[in-house]
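Reviewing the structure listed below.
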Amino acid sequence: MNEALARLRSNLSVDVAAIAVLLGLTAAVAAGAIVPVISARAAHRQLREQLDADRAATRTLREQHADLEFNLARLESDLKATRVEVEPVARLNSRLSRLTESASKRKLALDRVAPEPAQRAAKATLVPIRIEGRGAFLDSRDWIADLRSEFPDVAVAGFQIARDKANPAEAASFSFDLVWYAAPSAQTAPKK
């Protein structure tokens, strides 16, 4: 029995050493092959999530870009539609006659149409025009409202409309201060 026990002990020490070597090899294989695969999968998953987030951000940016392009096209179209061809100051008499015709269509009597000296501005020549007259209160009110559509290059700087207390439905006197934005006058080069 002693002999069998001694043989068992010698075999057991070899078996334990073999098991230890196998466990060491398994740990080495796990560390060398399995851990990098798990790390690579985690990195791949993280990259996939980042890619999905970047794709969503790209979709959002493309939608915003499309919206901006649409708005830009609409604004350019609106700008072309509202473009005003300005006339030179030399056409002042024509402008005054057109203002007078417009007022007469509203059955307004103009007592005074007086342009003031032109003033240079950065992108236009400003011509103040003072208009005074009489007519129905509602017609004078409507005429000042219509000036913007009829004359897009004329701004209303100020106005007064006063009803006649004796006949409030019909009679009113008015005065309008207009500014005509004419084409910029040609700059003459200084003489040397």
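Just so it is clear, none of the values below were taken in a lab; they were calculated from the coordinates. Here the structure is a predicted model, which means the values were calculated and not measured. Cβ: placed from backbone, ideal geometry, glycine included. Neighbour counts: every protein chain shown.
So which DSSP H runs in the chain come out at 15 Å plus along the axis (Cα) with average Kyte-Doolittle of at least 1.0? Answer set is 2-29. Mean residue ellipticity, 222 nm, helices only, the chain: the sum of -39500 (n - 2.57) across DSSP H runs of n ≥ 4, divided by residue count and rounded to 500, is -19000 deg cm²/dmol. The candidate values are [x] 70; [y] 38; [z] 55; the one derived from this structure for percent of Cα pairs over 23 Å apart carries the label [x]. Quick one: net charge of K105's neighbours, Cβ under 10 Å, K/R +1, D/E -1? Once all neighbours under 10 Å are counted, the net charge is -2.
Between S185 and T125, the built amide H atoms are under 5 Å apart, and every one of these is 5 or more places off in sequence or on another chain.
Think of the chain as having a plus end and a minus end, set by charges on the Cβ of Lys, Arg, Asp and Glu; of P128, L110, L51, P128 sits farthest toward the positive end of this dipole. Within the shell of other residues whose beta carbon sits under 11 angstrom from the beta carbon of P184, the net charge comes to +2, with Lys and Arg scored +1 and Asp and Glu -1. Highest GNM mean-square fluctuation among V113, V154, V29, for the chain modelled with Cα contacts below 10 Å: V29. Amide hydrogen proximity for A157: with H placed 1.01 Å from N in the peptide plane, the residues at 5 or more positions away or on another chain lying under 5 Å are D177, L178, V179.
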